[in-house]
Each structure stands twice: as structure tokens, then as C-alpha cells.
Amino acid sequence: MTKSSPFLFLAAILGALAVVLGAFGAHALKDRMTPYELGIYETAVRYLFYHVFALVSVYVLGALAQSRGAPPPKALRTSGWAFVIGIALFCGSLMAIVATGTRQFGLMTPFGGVAFIVGWLTLARAAWVLR
């Protein structure tokens, strides 16, 4: 995308965070959580990692558009921000459940899932426009 596109930077930072959280869960939390809590934690880390690669894809498609002399489709920016929101709501709410034991954080999880779906659909739209 443009030089001001935050998506590659966010992907790099969130990728590092995913590795740290994954290692922390595997080593420091493994004996302190129930199998159910560990499953929730692992789901959060896994979805965080998946969407790091989605953010990289957003950046790459934007760069591809610019290399062709075209502005990146608006759907691409929408996709990137939807992925970031999905990470915050979906992964963040699952982490909050495990960290606090408060199940009410689970009320945010579906909104994060919807944001992920929006992100993937708008990424598909941008890819269609760029084909």
C-alpha cells in the first residue's frame, strides 16, 4: 500500500506478540490452567497468528496495486482494519476470559468473529478488483 500503510508494521508487531504469547502459554501457563482454559488460550493465539498472515496479505496486495500504477482498492484498507478489530475483540476477549476468569468477556468474541469474516470478504473483494 502506501508508505503510510500500517498493516505490515502491525503484522510484524502482532506476529512477535503471538510468538511470545504462545511460548508463555506453553511454558509458564501450561501447569496453571485447566485443559479447558488452555484450549481457550491456544485458540486465541492460533487466531492471532492466522490473522497476522492476513495482514501481510493486505500489505502485499496493496503493494501489488501500486506496482501496477493503481491505487489500492478501498476494500483493502477495510479488510486490514477489520482484521485488526477482529484480533482485538476475538483474541483479546478470549485472553481476558483466561486471565480474569470472567466469562462476560465472551460477549465480545462473536463481534471479533464477525470482524474476521468482514476482513476476509473485503480481502476477497480487493483481490477480485486487482485480478
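Residues in the stretch 96-131 that are without any contact (Cβ under 8 Å) to a residue 60 or more places away in the chain, closer than 30 Å to TYR36 by Cβ and either out of contact with any Phe, Trp or Tyr (no Cβ under 6 Å at 6 or more places or on another chain) or not in a helix (DSSP H, G or I) (or both): 16 in all. All of (1) assigned to a helix (DSSP H, G or I); (2) on the phi > 0 side of the Ramachandran plot hold for LEU64 with one exception: (2). Applying the set (1) within 15 Å of the chain's Cα centre (by Cα); (2) farther than 13 Å from PHE116 by Cβ to GLN66 leaves exactly one unmet item: (1).
Selection over the stretch 13-49 of residues that are among the β-branched types (Val, Ile, Thr) and not in a helix (DSSP H, G or I) gives a count of 1.
Can you tell me which of PHE83, PHE53 is within 15 Å of the chain's Cα centre (by Cα), over 13 Å from GLY112 (Cα atoms), assigned to a helix (DSSP H, G or I) and modelled with pLDDT of 95 or more?
Numbers: PHE83 fails: over 13 Å from GLY112 (Cα atoms).
Answer to the selection: PHE53.
Quick grid of which residues meet (1) closer than 27 Å to ILE97 by Cα; (2) modelled with pLDDT under 90:
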position	(1), (2)
GLY15	yes, no
ALA18	yes, no
GLY25	yes, yes
ILE40	yes, no
ALA70	no, yes
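Within the stretch 21-72, the set of residues being hydroxyl-bearing (Ser, Thr, Tyr) and within 23 Å of PHE90 (Cβ to Cβ) comprises THR34, TYR36, TYR41, THR43, TYR47, TYR50, SER57, TYR59. Selection of the stretch 7-20 for residues being surrounded by 15 or more Cβ atoms within 10 Å (Cβ to Cβ) and either in contact (Cβ under 8 Å) with a residue 40 or more places away in the chain or aromatic (Phe, Trp, Tyr) (or both) yields PHE7, LEU8, LEU10, ALA11, LEU14.
When VAL60 is tested against (1) farther than 30 Å from LYS30 by Cα; (2) out of contact with any Leu (no Cβ under 9 Å at 6 or more places or on another chain); (3) without any contact (Cβ under 8 Å) to a residue 40 or more places away in the chain, exactly one condition is not met: (2).
The values are calculated or read from the model by the stated rules, or taken from the named source; none is laboratory data. Keep in mind that what you see is a predicted model, and the values were worked out from it rather than measured. No Cβ is skipped: glycine too gets one built from the backbone with ideal geometry, and neighbour counts run over all protein chains shown.
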